[in-house]
1. Let me check against my output: what whole-number percent is the relative contact order of region 257-386, with C-alpha pairs under 8 Å and at least 6 apart?
2. What three numbers, in Å, describe the spread of the alpha carbons of region 412-461 along their principal axes, ordered from the longest?
3. Please say if region 297-421 is rounded, prolate or oblate, where rounded means a/c under 1.5 for a ≥ b ≥ c the square roots of the C-alpha gyration tensor eigenvalues, and otherwise the choice is prolate for a/b larger than b/c and oblate otherwise?
4. Quick one: Cys80, Cys441, fewest Cβ neighbours within 10 Å first, how do they rank?
5. Taking the number of other C-beta atoms within 10 Å as the exposure measure, put Arg238, Arg184 in order starting with the fewest.
6. Once a ≥ b ≥ c are taken as the square roots of the eigenvalues of the Cα gyration tensor of region 343-402, is the result rounded (a/c under 1.5), prolate (a/b larger than b/c) or oblate (a/b not larger than b/c)?
7. Which of Arg131, Arg182, Arg417 has the fewest other C-beta atoms within 10 Å, and how do the rest follow up to the most?
8. With θ taken as phi - 60° and the coefficients 6.51, -1.76 and 1.60, list the Karplus ³J(HN,Hα) couplings across region 378-384 in order, rounded to whole Hz; mark glycine and proline as x.
Amino acid sequence: MNTYKLVASIFALFLITGCQQTRLSANSPLTDQTLSPLTDKALKTADEPQGQCIFVHEAKHENHAPDSNQAKIDQALEFCSSAQNYWEEGNLEEALSNLDSAYALMLEINTAENSEFTQQKEDIRYLISKRVLEIYASRQIVVTGHHEAIPITLNDHVNAEIKRLTGPERKYFIRSLNRSFRYRPFIVQELKKSGLPEEISWLPLIESGFNTRALSPARALGLWQFIPSTGNKFGLSRNHYIDERMDPEKATRAAIDYLKELHNLFGDWTTAIAAYNCGEYRVLKTIRKQKLNYLDNFWDLYQSLPRETARYVPRFLATVHIVNNLEKYNITTDKPLKPIKYESFDIKKQVRLSEIAKAINVDTETLVSLNPELRHEVLPPEPYTIKIPSDHADRFIAKIDTIKTTYRQSPRYTYYRIRKGDTLSGIAGKFKTSVNAIARCNKISKKSCIVIGNVLKIPGSQYTASTKTGSRARKKSKRITYTVRSGDNLWLIAKKFSTTTKRIKAVNKLSGTRLSIGQRLTIDLGDKGSSKNVSRYKVKSGDSPVRIAKRHNMSLNRLLSLNHLSKRSKIYPGQSLLVE
């Protein structure tokens with residue numbers, strides 16, 4: 001019952017002191033990222049080693065309490081960081097125990113000694129209370145898997161979108177509705193498995209019109225319109241040959257993971273859907289600016305959100321209302337796209353879809369529709385799982401050995417992030433090209449200054465080019481410079497770069513945790529596992545990521561992160577993986 005006591009004590013504190021959310025200043029150490037939980041990760045595999053956080057757990061029971069306010073704040077932040085790690089591992093009790101310890105330290109701080117600690121104390125107390133409630137809520141979701149249906153509010157904003165979709169945008173709406181018949185059955189099935197409202201299955205209609213290749217000016221792609229960074233975060237791979245943001249099944253699972261995370265954070269679906277459009281951090285900033293306490297009501301935020309997002313939620317609600325009342329709006333679907341039944345085959349040769357289509361006597365467009373993640377309608381050189389129409393599966397099996405192998409072409413471009421000490425000539429030499437070629441490709445002068453952290457497009461380079469040189473560059477470039485922004489604090493910066501607050505303080509010779517906007521910090525990128533030698537391991541038959549991680553005494557998360565894989569990624573014999 002310790003959890004219930006802790007929650008009750010926090011609520012009592014809020015009643016006495018008032019909601020801390022209204023006290024946060026623009027320069028508060030608490031930022032949007034602080035409030036972003038990863039609740040869906042509570043179901044992580046139990047195969048991961050749990051030892052990396054044991055020292056924090058043991059430290060709670062040792063008798064060497066901090067002897068100053070600053071030391072107590074530092075230790076409280078360490079407990080918060082440890083709690084986040086336990087939460088991501090699914091160990092909710094230890095997460096709550098660490099937050100309890102952090103909370104106890106905050107109660108010991110005497111702000112009368114130094115008023116500068118008042119804001120830090122209040123921020124951390126608010127962080128702890130928010131996190132405890134989120135963990136408690138996530139435990140309920142993990143047990144029941146239930147989310148309430150989305151309420152359809154028909155206010156002036158929603159009615160305005162209904163008029164647009166049934167008026168000037170009627171043709172677009174009907175075309176999108178016709179395409180939805182191919183993809184919605186799978187989406188609804190996955191939503192039901194995850195316990196999410198079925199109404200979410202209509203979100204792709206306003207995102208992409210159910211077009212798997214829809215591309216926005218912001219480079220958002222696919223049914224669910226993932227930008228590259230968010231797609232990568234949720235396990236969608238992207239290279240010269242494939243972009244899984246265009247795979248309706250993989251993108252749907254990624255979107256569900258993202259929406260679950262957003263709902264766990266905000267508590268209601270309308271706000272979660274708004275955050276899906278403009279990002280959780282933008283919505284959190286808007287919430288923090290509210291003069292009144294935010295009570296899970298999207299319409300309290302409506303006027304303060306970006307115009308596109310402010311329209312996004314009413315447009316979604318309007319869509320759900322219309323599809324539930326098609327007769328009322330005289331809308332019919334005369335050309336619905338039917339789902340294509342398929343079978344999957346692992347193929348180890350690089351061939352064009354057009355060659356396969358010719359061999360099995362099917363339209364190339366059918367294969368493109370089944371395998372939309374293929375960027376150039378050609379299979380990658382690595383083993384690939386291809387989808388073939390079920391009624392052509394036997395013919396594919398009979399003909400696969402006779403299908404002509406495509407000549408492996410080098411990608412036209414690769415990308416390189418500029419590091420400290422780089423020059424255009426040095427980069428050109430590394431990738432066996434010329435300064436002029438790089439300058440033309442990036443539309444810059446060959447005498448232009450290049451900025452650390454910017455990405456250059458390198459022409460005519462293979463992905464394997466200059467592997468040894470690249471490895472040496474990584475070994476030399478273990479530190480970067482980070483400029484402190486409004487709302488940053490040491491804990492968040494450490495979390496962002498997968499390091500610790502202690503390491504940042506040591507590298508930058510900081511005596512406390514106070515930061516100032518514009519301050520430049522040196523971040524040691526090699527902190528997490530940098531003391532270990534990284535080597536390559538060739539995957540063998542029967543291997544799995546869990547077995548490989550255990551064999552090399554690594555956590556599964558570390559192995560996946562090191563190789564840019566997700567838990568759904570497939571590995572195959574002969575594949576080369578980085579291990580420690």
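1. On the way: 98 pairs, mean separation 22.9, N = 130.
Relative contact order comes out at 18 percent.
2. 25, 18, 16
3. oblate
4. Least crowded to most crowded, the residues run Cys441, Cys80.
5. By the 10 Å Cβ count, ascending: Arg238, Arg184.
6. Because its axes are fairly even, with a/c under 1.5, region 343-402 counts as rounded.
7. Arg417, Arg182, Arg131
8. Rounded to whole hertz, the list is 9, 6, x, x, 7, x, 9.
Read-outs: derived from the displayed coordinates by stated rules, not from any lab. Just so you know, these numbers come straight off a predicted model, no measurement behind them. So basically every Cβ, Gly included, is an ideal-geometry build from the backbone, and we count neighbours across all protein chains shown.
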